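Read the figures in this text as sums done on the coordinates, not as results from a lab. Predicted, not measured: the structure shown is a model, and the values here were computed from it. Note that we place each Cβ from the backbone using ideal geometry, even for glycine, and neighbour counts take in every protein chain shown.
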Amino acid sequence: MAGGELQVIFNDKGVHPIGPYSQAIKAGGFVFLAGQVPCDSQAKVVPGTMRDKARRMCENAKLMIESAGSSMDKVVKVNIYFEDIDRDFAAVNEVFAEYFVSKPARTSIQVAKLPVGCPLEMDVTAVA
């Protein structure tokens, strides 16, 4: 892939986009993931505790990062969007620490609402 080219990354096991966007894009030596949510491939929120939901969200991110030929230890930036940051921050942090052992830069933001009834979402940038 030449320096200015964009490569669309798709994995059928990943959450299928519900709009006109890609699951991930590889460009300029980086991998940029679309928002990863605690959903199955058909964009249905998984049942269970917030830890279960955070784990599914992280597994979805891992799948897409690896589909792009990168790895979790190459993640450099994560933004996490919470519907209720006070309620869910500790549980998400616990799971986050299991997946992101390299401690990437991170921002946590409370939002009013997320798509398809998701309580949280994260976008991820990794070195390719």
Response to the item:
Per the 1/(1 + (r/R0)^6) rule, R0 = 30 Å and r from the Cβ atoms of residue 7 and residue 87, FRET efficiency to 0.05 is 0.20
Worksheet item: Considering every pair of different Cα atoms, what Kirkwood radius, in Å, is found for the chain?
Response: 14.6
Worksheet entry | Mean Cβ neighbour count within 10 Å, used as a protection proxy, ranking 4-11, 36-43 highest first | 36-43, 4-11
Practice prompt. Note down the relative contact order for the stretch 7-127 as a percent, whole number, built from C-alpha pairs under 8 angstrom at least six residues apart.
Written response: 31
Worksheet, complete the sentence: Taking only C-alpha positions in the stretch 1-74, Rg and Dmax in angstrom work out to 12.9, 43
Worksheet entry | Volume in Å³ per residue [convex hull over Cα atoms, computed for the stretch 31-74] | 65
Practice prompt. Could you work out how far helix 85-99 tilts from the main Cα principal axis of the chain, as a 0 to 90 degree angle to the nearest 10?
Written response: 50
Worksheet item: Along the Cα-to-Cβ line of residue 98, 7 Å from the Cα, sits a label point; which residues in the stretch 113-128 have backbone N less than 20 Å from it?
Response: 119-124
